[in-house]
1. Just to verify a result, which residue in the range 256-305, among those that are closer than 18 Å to F35 by Cα and surrounded by fewer than 14 Cβ atoms within 10 Å (Cβ to Cβ), is modelled with the lowest pLDDT?
2. Name the residue, out of I225, I274, that is of a type in the set (V, I, T), touching an Asp or Glu at 6+ places or on another chain (Cβ under 9 Å) and in contact (Cβ under 8 Å) with a residue 12 or more places away in the chain.
3. Just a yes or no: is a residue in the range 289-300 basic (K, R) and outside any helix (DSSP H, G or I)?
4. Find the residue count for the range 76-105, including only residues that are surrounded by fewer than 16 Cβ atoms within 10 Å (Cβ to Cβ) and over 11 Å from the mean Cα position of the chain (by Cα).
5. Can you tell me which residue among S147, S234 is surrounded by 15 or more Cβ atoms within 10 Å (Cβ to Cβ) and modelled with pLDDT of 90 or more?
Amino acid sequence: MGHLKGTETIVDHSLREVKKHGSEGFPFAAYLDDFSSFQNGYICWHWHDEVQITLIVEGDFICQMGSEKILMKPGESIFINSCALHQIYPCRNSYGKLYSFIWRADILTGITECDAYQHCIANILNGNQKYLLFNRENSLCETLRTSLTRIANLMSEKEDFFELRIYHQLSKIWLNLCDYQKYIGVSGTMEGATYIQKAKDDERVKNAMQYMQENYNEDISLDDIAKAAFTSRSELCKSFRRALDTSPKEFLIQYRIRQSMVLLEDLSLRISDISEMTGFSSPSHYGSCFQKYVGCTPLQYRKNI
């Protein structure tokens, strides 16, 4: 089975993942991610045209979908819709395992013009839901876990006709998604004005996030970030609040903190060096921000690694 490290989640200027999942003839891939080997400890913000289901194997995780932070435990899974911006990180640093199953939505029908695609697949892709969560309270949680585990085994063992067997399991999974969406009463698409506003917000946020992730170690201002997002400071802040329920400044600080947590594992680096390398104005500012977001000082964190 393919193994995809967090550091290999490569994105373009819009945070779209550039990795190709599967092949043109079989656009499906499954990955077992062990976060103990992740250099930066988490799967960074990104999106892709394919749909995805993540199954937690070991440890607790936070899956952040836009402004929503979803706690997930072993055995639970989440469906992530096409083009949905998301990131995933373990609750305990560098600990946890999960499966990610990623596939092109038309894999089950081959073409998008057929009735099966329009009636059963497009309604989910074009609906309001960015994700569908299957936690322990959900009656489909175990059913979904069984199908996903079966797919993982098929990908590993490559038994006869494994592609067709995977199609079979994906069809069962998609039918569960359709039934669940109908059960919770979610359907239809966004109203025109709402859709346009969301599209603007997403575009601004993606551009701003990409700029911050590329320049986090520099002294960058809100004006710099807004310019990279092709908007004003005030509109950028409103877009971040609507899309992620945070501010550009808070996002930048949290990203710098996460990058510093990786550097703290290198004992040859002084904490003052790490502060400068991650763009903080001073070691004291770095320390106070670290305390606020992590709950301990950088030195205490380093001692517990």
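1. Once the filter is applied, the top-ranked residue is I305.
2. Details: I225 fails: touching an Asp or Glu at 6+ places or on another chain (Cβ under 9 Å).
That would be I274, the only listed residue that is of a type in the set (V, I, T), touching an Asp or Glu at 6+ places or on another chain (Cβ under 9 Å) and in contact (Cβ under 8 Å) with a residue 12 or more places away in the chain.
3. Taking the range 289-300 as the starting set, the residues that turn out to be basic (K, R) are 292.
Filter once more, so that each one left must be outside any helix (DSSP H, G or I): none.
No, that holds for no residue.
4. Going through the range 76-105, the residues surrounded by fewer than 16 Cβ atoms within 10 Å (Cβ to Cβ) turn out to be 83, 91-92, 95.
If we keep only those that are over 11 Å from the mean Cα position of the chain (by Cα) as well, we get 91-92, 95.
Total meeting the criteria: 3.
5. Values: S234 fails: surrounded by 15 or more Cβ atoms within 10 Å (Cβ to Cβ).
Going through S147, S234 in turn, the sole match is S147.
The values are calculated or read from the model by the stated rules, or taken from the named source; none is laboratory data. In this text the structure is predicted, and so the values were computed from the model without any measurement. Virtual Cβ from ideal backbone geometry, glycine too; neighbours counted across all protein chains shown.
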